[in-house]
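The structure under discussion appears below in the form of structure tokens.
The values are calculated or read from the model by the stated rules, or taken from the named source; none is laboratory data. Bear in mind the structure is a predicted one, so any value in this text is a computation, not a measurement. Cβ atoms come from the backbone with ideal geometry, glycine included; neighbour counts cover every protein chain shown. The protein model used for the area step is the full one, side chains on, heavy atoms only, and it has no ligands, DNA or RNA in it. Shrake-Rupley method; radii C 1.70, N 1.55, O 1.52, S 1.80 Å.
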There are 2 protein chains.
Amino acid sequence: MTQSNKKPRSAYHQSYEIIRDRILNGDLPGGTKIVEDKLARDLGFSRTPIRDSLRKLSYEGLIVDKKVVQPTEKDLRNLFQVRILLEGAAAKSAATYLPAEDLKSLANCVEIGRDGTTEDIMEANERFHEIIVQASGNSLMIETIARMKSIIYLFRKTVVLHNRPRLIDEHEEIYEAIKARDTEKAKQLMEAHLEEDLNFCLHILRSQLS
Amino acid sequence: MTQSNKKPRSAYHQSYEIIRDRILNGDLPGGTKIVEDKLARDLGFSRTPIRDSLRKLSYEGLIVDKKVVQPTEKDLRNLFQVRILLEGAAAKSAATYLPAEDLKSLANCVEIGRDGTTEDIMEANERFHEIIVQASGNSLMIETIARMKSIIYLFRKTVVLHNRPRLIDEHEEIYEAIKARDTEKAKQLMEAHLEEDLNFCLHILRSQLS
DNA sequence: CTCATAAAAAGTGTATACAAAATAAAATAA
DNA sequence: TTATTTTATTTTGTATACACTTTTTATGAG
């Protein structure tokens, strides 16, 4: 999630990334009250760029009512319903046509999924979905999913850290369907894959709440 | 689109609505360069709330690169692809269960569509879709579509002003399917309905560009 | 003690100032 | 002229101040 920044970026971009990462890695746990002034002094910026960051984080759903979000089971279901619709369609597009280079990248993601470190696996899995979403060629769809990225990350972490079985197998099956240009199968496999992710997350979530 | 405000709202809300409406009614035509200071002096606010408004408008896609958006044919297709996926699913949900009250509202929208003024028709058609989207019970989906609302409005205007044939008939068919609890039919009709909207918009758009 | 009210503190919205960055205009060389 | 560099102008990003709102804490009545 953390991206390497070449140039020194604006206070807004910096603070956005810092706050986002603090939320994502649990440094700012769900429910934490967010106050502009406190963050500003903490990060050494003025309130102005902090405010901008918080607004963006609110759009992404990471901050709700000036508190760090605590996704509920319902939120999880909602997220996956939308993902299934959009990424299912994206998988279909990808199967219609995907440049050889991207196809190779997909294969590479599967490979890393089999023998990479935990961190590499997480990154590869994210990239796997990213490539397929991009293949939709629909900038609105791409942006809509990008907006959900942070929340997805929260759950992807769960899935990988708890080592969901068959995750990489499913990626491979999707890859094969795309490679074989079987649009309907690619779509169905992607939908089933996300459904499995959802069920796994629900399972973990429930066992954590008990 | 314009909503009646009971209380005097914040400068941010006011300016957001003013600027948005200026874009939507063509007062600020596509391609217009947006300058914070100019708008601030124009509306009598400081730059701060104006900046907030512009950021929100950018999120909604009404402002791109500090210029008023000029949706392309590709944008139109992208928008409708996403709408078809999301609103198709919403229609299915609505057919699964819709409170009697909402069902009645849908019928009322159809009725207004048949014998209302142009403005009433536009509002009723918007409400028709709104009710169905709400019926999805998925707040993320609701919000995602809300975010596209302004751009949708731009096109809905086209559809109604140019009096697309069968528009209200299609609404009625969707309403009947929902009433009959035929989930698959409701979904298919909604998809077909939006497809028709898209084709009509494309037609108008092309004839305008020539 | 519980509820209501008042006082205090904290937090946010907005205006404004200024420096840095981006853009436009002007001057100069080819 | 066209291309290129310099200078001027505009525009944006950020910091800061202050008034207004909301929240918290304290105070008093029942």
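Can you name the residue in the range B:21-40 that is buried (at least 17 other Cβ atoms within 10 Å of the Cβ) and farther than 20 Å from residue B:148 by Cα and is also nearest to DNA strand C (Cβ to nearest atom) among such residues? Among those that are buried (at least 17 other Cβ atoms within 10 Å of the Cβ) and farther than 20 Å from residue B:148 by Cα, it is B:40.
Checking the structure you have, find out if any residue of the range B:86-105 is in contact with a Phe, Trp or Tyr (Cβ under 9 Å, 6 or more places away or on another chain) and not aromatic (Phe, Trp, Tyr). Yes; the residues of the range B:86-105 include at least one that is in contact with a Phe, Trp or Tyr (Cβ under 9 Å, 6 or more places away or on another chain) and not aromatic (Phe, Trp, Tyr).
Only a single item in (1) away from DNA strand C (no atom under 16 Å from the Cβ); (2) surrounded by fewer than 17 Cβ atoms within 10 Å (Cβ to Cβ) is not met by residue A:9, and it is number (1). Screening the candidates A:81, A:70 for the property of being free of Cβ contacts under 8 Å to residues at least 60 places away in the same chain, more than 14 Å from DNA strand C (Cβ to nearest atom) and surrounded by fewer than 15 Cβ atoms within 10 Å (Cβ to Cβ) yields one hit, A:70. Checked against (1) over 16 Å from the mean Cα position of the chain (by Cα); (2) within 14 Å of chain B (Cβ to nearest Cβ); (3) open to solvent by 70 Å² or more (accessible area, probe 1.4 Å), residue A:100 passes all but a single condition, namely (2). Considering only residues that are of a type in the set (Val, Ile, Thr) and over 17 Å from residue B:177 (Cβ atoms), which ones fall in the range B:95-151? Listed by number, the residues that qualify are B:112, B:117, B:118, B:121, B:142, B:144, B:145, B:151.
Of all residue pairs spaced 6 or more apart or on separate chains, those with beta-carbon atoms under 6 Å, a first member in the range A:18-34 that is part of a loop (DSSP other than H, G, I, E, B) and a second member that is modelled with pLDDT of 95 or more are A:28/A:22; A:28/A:68; A:30/A:68; A:31/A:67; A:32/A:68; A:34/A:63; A:34/A:66. Within the range A:41-54, the set of residues being more than 12 Å from DNA strand D (Cβ to nearest atom) and open to solvent by 30 Å² or more (accessible area, probe 1.4 Å) comprises just one member, A:42. All conditions in (1) closer than 30 Å to residue B:27 by Cα; (2) surrounded by fewer than 18 Cβ atoms within 10 Å (Cβ to Cβ) hold for residue B:156, with the sole exception of (2).
When B:143, B:170 are checked against the criterion of being free of Cβ contacts under 8 Å to residues at least 40 places away in the same chain and away from every other protein chain (no Cβ under 14 Å), B:170 stands alone in meeting it. Residue count for the range B:8-40 satisfying the condition of being near DNA strand D (Cβ under 10 Å from one of its atoms), away from chain A (no Cβ under 14 Å) and either out of contact with any strand residue (DSSP E or B) (no Cβ under 8 Å at 6 or more places or on another chain) or at pLDDT below 95 (or both): 6. Looking across B:105, B:93, one residue alone is assigned to a helix (DSSP H, G or I), of a type in the set (Ser, Thr, Tyr) and within 30 Å of residue A:91 (Cα to Cα). It is B:93. Among the residues making up the range B:156-210, those that are within 16 Å of residue B:94 (Cα to Cα) and β-branched (Val, Ile, Thr) are B:174, B:178, B:183.
Among the residues in the range B:176-198, are any touching a Cys at 6+ places or on another chain (Cβ under 8 Å), in a helix (DSSP H, G or I) and either open to solvent by less than 70 Å² (accessible area, probe 1.4 Å) or outside the structural domain of residue B:91 (by TED's automatic domain parsing) (or both)? Within the range B:176-198 (the criterion being touching a Cys at 6+ places or on another chain (Cβ under 8 Å), in a helix (DSSP H, G or I) and either open to solvent by less than 70 Å² (accessible area, probe 1.4 Å) or outside the structural domain of residue B:91 (by TED's automatic domain parsing) (or both)), the answer is no, since none of the residues qualifies.
If you go through the range B:74-97 and keep only what is polar (S, T, N, Q) and more than 10 Å from chain A (Cβ to nearest Cβ), you end up with just B:96. Candidates are the residues of the range A:41-54 that are away from chain B (no Cβ under 14 Å) and part of a helix (DSSP H, G or I); the one that is farthest from DNA strand C (Cβ to nearest atom) is A:43.
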